[in-house]
Amino acid sequence: MMRKILVAGNWKMHGSKSMVRSLLDGLLAGSSAQGKADLAVFPSFPYLSLAESILSGSHIQWGGQTLNPNAQGAHTGETSGNMLVDMGCRYVLVGHSERRAIYGESDEDVATRFNAAQDAGLEPVLCVGETLEEREAGETEAVVERQLDAVINRVGIDAFSRAIIAYEPVWAIGTGLTASPEQAQSVHAFIRDKLLSLNGIIADQLRILYGGSVKGSNAAELFAQGDIDGGLVGGASLTAEDFLAIYNAVA
Ligand code: 13P
């Protein structure tokens with residue numbers, strides 16, 4: 001079955017109105033609905049409204065970088081899934097390693113956010129991945145499995161028919177060190193096999209993205225792997241030229 005490659009840009013805490021305008025204008029000019037990949041961007045909250053006004057009705061989707069699991073209420077500084085839906089978001093990232101490491105989100109917190117995202121009508125992009133220490137200790141699969149199990153145990157396997165997984169080894173994020181295509185494929189296959197044992201159809205259709213120093217020069221090799229269905233791109237999604245080089249690397 002055909003899983004269309006998704007090239008997604010996580011802008012993290014970068015950008016300005018002028019940067020968002022020129023980046024999105026560039027992406028619209030350099031990609032199309034008939035292209036070989038789907039495209040999505042994840043701006044910071046203040047720029048979602050601008051992204052919505054530029055991208056509405058286009059082939060490019062957008063999403064939030066996190067959400068608060070509560071629907072509304074006294075949570076100063078936070079943003080709910082309903083608000084993201086109101087801003088036209090299709091997606092939301094949950095469990096990004098920076099949220100786990102810097103803001104202390106546990107596996108349980110991530111499961112709660114995944115659940116809340118789907119309740120609001122969003123498609124969560126569940127990020128998983130090991131640190132360098134964990135990889136060197138031979139714990140990669142155990143860590144990824146633990147992160148997945150926390151969510152599966154909460155929401156059940158069927159919920160993955162409306163979700164995306166992103167494998168992002170922490171040691172490859174923003175470091176210039178990309179997992180080799182073989183290293184990435186091996187973890188992607190592990191993830192898909194785990195889900196296959198629970199529901200074959202869902203596992204087959206699920207898109208599993210790779211993230212960690214993806215760029216125009218390594219994207220084609222990564223996307224050629226059987227279980228890599230796209231990329232979650234940080235640094236190289238901040239200019240239209242770099243991001244389109246990845247989009248254009250899709251075979
Ligand atoms: P880099 O592409 O900058 O390594 O970031 C990856 C990432 O964290 C995307 O979510």
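The values are calculated or read from the model by the stated rules, or taken from the named source; none is laboratory data. Predicted model, so just to flag it, every value in this text is computed and none were measured. Here Cβ is always computed from backbone atoms with ideal geometry, including for glycine, and neighbour counts include all displayed protein chains. Just the protein is used for accessible areas: all its heavy atoms, side chains included, with ligands, DNA and RNA removed. Shrake-Rupley method; radii C 1.70, N 1.55, O 1.52, S 1.80 Å.
A cut-off of 5 Å between modelled amide H atoms, ignoring neighbours fewer than 5 places along the same chain, links L6 with D38, G230, G231. If a/c stays under 1.5 just call it rounded; otherwise compare a/b with b/c (prolate if a/b is bigger, oblate if not). Do that for the stretch 124-175, with a ≥ b ≥ c from the square roots of the Cα gyration tensor eigenvalues. Since a/c reaches 1.5 but b/c is at least a/b, the shape of the stretch 124-175 is classed as oblate.
Taking amide H as placed 1.01 Å from N in the peptide plane, the amide H of V41 sits under 5 Å from that of G9, Q61, W62, G63, each at least 5 places away or on another chain.
Over the stretch 76-229, Cα pairs under 8 Å with separation of 6+ residues give a relative contact order of 21 percent. Ligands, DNA and RNA left out, the accessible area of the chain computed with a 1.4 Å probe is 50% carbon and sulfur. Largest accessible area first, the listed residues H59, H14, H96 line up as H14, H59, H96 when surface is computed with a 1.4 Å probe on the assembled protein chains. Of the GluC sites (Glu not before Pro) found in the stretch 42-138, the ones in coil according to DSSP and having at most 16 other Cβ atoms within 10 Å of their Cβ are E78. In the context of the full set of protein chains, the chain has a per residue accessible area of 43 Å² (1.4 Å probe). In this structure, the amide hydrogen of N68, modeled 1.01 Å from its nitrogen in the peptide plane, lies closer than 5 angstrom to those of T79, S80, G81, counting only residues at least 5 positions away or on a different chain.
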